[in-house]
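Remarks on the structure that follows.
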Amino acid sequence: PIMKVWNRAMTPAPDRFTEAAPLLLDALAHVNENSAFSFNAWMSVLGPAGLGVSALCEDFGALSDEMAQRGQEDEVFRTKVAAAAACMAGVPEDSVWNVVGGAGDMSGTPNIVGIQESRFQFHQLAGAVASTVEMVDYIHSLAGTPASVSVSIWGTGPAVRVTFGYESISDMDQRAAAAASDPGLHERQAAFAASVGDPIESSSLVLRRIL
């Protein structure tokens with residue numbers, strides 16, 4: 001079965017920023033005690049300041065149904081979520097990603113993740129996925145960086161995400177420098193752009209796991 005990653009991205013209000021993470025962790029601790037799934041929490045290091053929640057699953061339907069049922073029936077959960085939600089600006093953004101490839105061992109949840117995300121037109125998607133999987137293999141051969149490649153359609157538009165796993169920010173710096181200094185990487189990036197075309201938009205961020 002294809003593994004899926006569910007994500008929820010949240011932006012704390014500037015005046016409630018320091019309150020948001022502890023309240024989110026309190027809510028997630030309750031969830032993890034009562035869930036068939038394991039949820040992780042993340043805080044941004046680079047990119048837009050924010051918080052995130054993720055869960056790995058084979059069946060997104062089962063995960064989604066469990067979350068919906070918890071929201072309806074678990075009074076403790078609702079109280080804890082309301083406290084965390086009061087610290088947030090705007091509504092959260094949810095997405096689900098099908099893991100379609102990767103390199104190295106991503107079986108454990110990394111301490112640090114570097115995420116590169118690109119949205120494409122539908123006709124570009126197959127080529128973008130194939131080229132991205134090839135690129136990730138090459139980067140792993142250069143720097144030993146474990147990574148996964150995932151694809152999302154619903155809620156995001158056709159998008160490809162690469163998630164690189166690191167032990168620490170220092171580990172990320174060293175591995176990124178090793179890859180960036182290789183001329184072959186730049187040649188592959190140019191070939192990717194020539195064959196697939198430019199994405200509609202691209203973004204990147206670095207997250208630290210806090211649960």
**Study point:** Heavy-atom surface of the chain, accessible at 1.4 Å and reported per residue (Å²)
**Key:** 52 Å²
Practice item. Would you mind telling me which residue in L51, L24, L185 has the biggest mean-square fluctuation in a Gaussian network model of the chain, where springs connect alpha carbons within a distance under 10 angstrom? Key: L185
Point to revise | Relative contact order computed over the chain (Cα-Cα under 8 Å; 6+ residues apart), in percent | key: 28 percent
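Dividing the alpha-carbon Rg of the stretch 63-131 by 2.2 N^0.38 Å yields what?
Computed over Cα atoms of the stretch 63-131, the ratio equals 1.61.
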Check your understanding: Which value, to two decimals, describes the C-alpha radius of gyration of the stretch 99-211 once divided by 2.2 N^0.38 Å?
Key -> 1.04
Practice item. Let me know the Kirkwood hydrodynamic radius for the stretch 1-111, please, with Cα pairs as the basis and the value in Å to one decimal. Key: 15.0 Å
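Subtracting the Cα-Cα distance from 0.36 nm times the residue separation, let me have the gained length for Q189 to S35 in nm, one decimal.
51.3 nm
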Study note, to complete from the structure: Per the stretch 66-105, sqrt(5λ) over the Cα gyration tensor eigenvalues, sorted largest first, in Å, gives 29, 15, 10
Exercise for review: Express in % the proportion of alpha carbon pairs of the chain at distances exceeding 33 Å.
Suggested key: 17 percent
Review point. In deg cm²/dmol, rounded to 500, what helix-only [θ] at 222 nm does the chain give when every DSSP H run of at least 4 residues adds -39500 (n - 2.57) and the total is split over its residues?
Key: -14000 deg cm²/dmol
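The values are calculated or read from the model by the stated rules, or taken from the named source; none is laboratory data. All values derive from a computational prediction rather than experimental measurement. Just so you know, the surface numbers come from the protein's heavy atoms only, side chains and all, with ligands and any DNA or RNA stripped out. Shrake-Rupley method; radii C 1.70, N 1.55, O 1.52, S 1.80 Å.
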